[in-house]
Amino acid sequence: MKIAPFKIEEWMNRYESSALYDLTTTCIKPLTVNEICDIAKTDVFDTPLSYGDITGSERLKYNIKSLYKNQNVSNITVTHGAIGANHLIFYSLLEKGDEVICVLPTYQQHYSIPESIGADIKLYFLKEENNWLPDLEELSEIITSKTKLLCINNPNNPTGSVIPNRMLYDIARLAEENRIWVLSDEVYRGLNLIGNPYSESIADIYTKGISVGSMSKTYSLPGLRLGWVCAREDLVNEINHQRQYNTISVGVLDDYFACVALENRDRIEARNFSILNNGIKTFANWLVNEQLAECVIPNGGTTALVKYKKDMLSRDLCRRFQNRTGVALLPGETMEMEGYVRIGFSAQALAPALELLSEYLHS
């Protein structure tokens, strides 16, 4: 199988670890083992490091179920991160020649893996003038009788746009009319900055809706490498068939700590929203005073897509900027969005890093 280079991950692997200030981050300051053990109030050192429950412990799946309105534990399977969840979904659903519509910008996995399987890919680009929200008339025009799957990301990485619930219901109706599946990558669900932190989930409102979640973003535990799929039971059964070949089980400590975090998510969410609200305020204040950058202020998630007013390729800008200042940015080209950079506004030392960016843009 041949697959396109994963541009985001290759860039971050090369530049993230050497950064003085890392604005490529999508995760709110990760919890430490001591912090999660303090939340747990129990001793984990007697836990046998055996194989865990194959599809996730009943305790964990019950906790994941609590994030949804209309699901049972039989609708859930636990995976190696959201990246493992997406991979299993594509391999369970798609065959060569199937048509897949992917809404961009998004995580490259959503279109490169289907392409590698031999699916026919249609890319639908969100527009800044629409506040990075889909135009459903435009979207409906590219759906055909061959379309099998629509991929969306809500809240969106990198723009921070949040699909309003009424629009999500319209997307579900459009999909139902055309009898297509909808994969909604919801790893930032629970991080809406306006209104209810949790948007509706596509799995709750559409029978062919597939929700992907993760412990990495909302719950600040990216090191657990634990995600899940929530979907119709027949699809979950097929995913479990596929996952036997590449997962067996997640680690028992990953499963345990995920349970602890979800059972105490109010504490984690309060901590994380304090960080996010400070970050978005700092970012918005910088943007007001920066003439060479513009951005639709995010309504959710942890990232913003910033257009810079310089005649320079985004890879060149980010590379030269980091070489000069030590500040890491993600070039828009890695997300098929040339002329932009992605900034993680939950990053530590955000204010001084943005000040350095202003100095660089004006130099």
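Just a few scattered comments:
- Looking across the range 15-41, just one residue is touching a helix residue (DSSP H, G or I) at 6+ places or on another chain (Cβ under 7 Å), within 22 Å of VAL78 (Cα to Cα) and open to solvent by 40 Å² or more (accessible area, probe 1.4 Å), and that is PRO30.
- Close pairs (6 angstrom Cβ cut-off, 6 or more residues apart or separate chains): in contact (Cβ under 8 Å) with a residue 60 or more places away in the chain in the range 226-247, in a loop (DSSP other than H, G, I, E, B) and open to solvent by 90 Å² or more (accessible area, probe 1.4 Å) anywhere: THR247/HIS80
- Considering the range 322-343, and only residues there that are part of a helix (DSSP H, G or I) and open to solvent by less than 40 Å² (accessible area, probe 1.4 Å), the residue that is nearest to ALA284 (Cα to Cα) turns out to be GLY332.
The rows are residues; the columns are (1) closer than 25 Å to ARG189 by Cβ; (2) among the acidic types (Asp, Glu); (3) assigned to a helix (DSSP H, G or I).
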site: ARG267; (1), (2), (3): yes, no, yes
site: ARG271; (1), (2), (3): yes, no, yes
site: ILE275; (1), (2), (3): yes, no, yes
site: ALA284; (1), (2), (3): yes, no, yes
site: GLN291; (1), (2), (3): no, no, no
site: VAL306; (1), (2), (3): yes, no, no
site: ARG320; (1), (2), (3): no, no, yes
site: SER346; (1), (2), (3): yes, no, no
site: LEU356; (1), (2), (3): no, no, yes
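- Looking across ILE28, ILE101, ILE36, ILE113, one residue alone is under 20 Å from the mean Cα position of the chain (by Cα), in a helix (DSSP H, G or I) and of a type in the set (A, V, I, L, M). It is ILE113.
- Options ASN246, ASN156: the member that is in a loop (DSSP other than H, G, I, E, B) and open to solvent by 40 Å² or more (accessible area, probe 1.4 Å): ASN246
- The set of residues in the range 120-146 being open to solvent by 10 Å² or more (accessible area, probe 1.4 Å) and either among the aromatic types (Phe, Trp, Tyr) or in contact with an Asp or Glu (Cβ under 8 Å, 6 or more places away or on another chain) (or both) consists of ASP120, ILE121, LYS122, LEU123, TYR124, PHE125, LYS127, LEU136, THR144, LYS146.
- Among residues that are in contact with a strand residue (DSSP E or B) (Cβ under 6 Å, 6 or more places away or on another chain) and in a helix (DSSP H, G or I), HIS87 is not included.
- The condition (being of a type outside the set (A, V, I, L, M, F, W, C), crowded, with 22+ Cβ neighbours inside 10 Å, more than 19 Å from PHE125 (Cα to Cα) and at pLDDT 95 or above) is satisfied by just one residue among SER314, SER346: SER346.
- Residue count, the range 210-243 (criterion: open to solvent by 40 Å² or more (accessible area, probe 1.4 Å), over 21 Å from LEU191 (Cβ atoms), in a helix (DSSP H, G or I) and of a type outside the set (S, T, N, Q)): 4
- Checking VAL44, VAL78 one by one, the residue that is part of a strand (DSSP E or B) and open to solvent by less than 80 Å² (accessible area, probe 1.4 Å) is VAL78 and no other.
The values are calculated or read from the model by the stated rules, or taken from the named source; none is laboratory data. Everything numeric here is computed off the predicted structure, so don't read it as measured data. FYI the Cβ positions are ideal-geometry reconstructions off the backbone, even for glycines, and counts take in every protein chain you see. Only protein heavy atoms, including side chains, enter the accessible area calculation; ligands, DNA and RNA are left aside. Shrake-Rupley method; radii C 1.70, N 1.55, O 1.52, S 1.80 Å.
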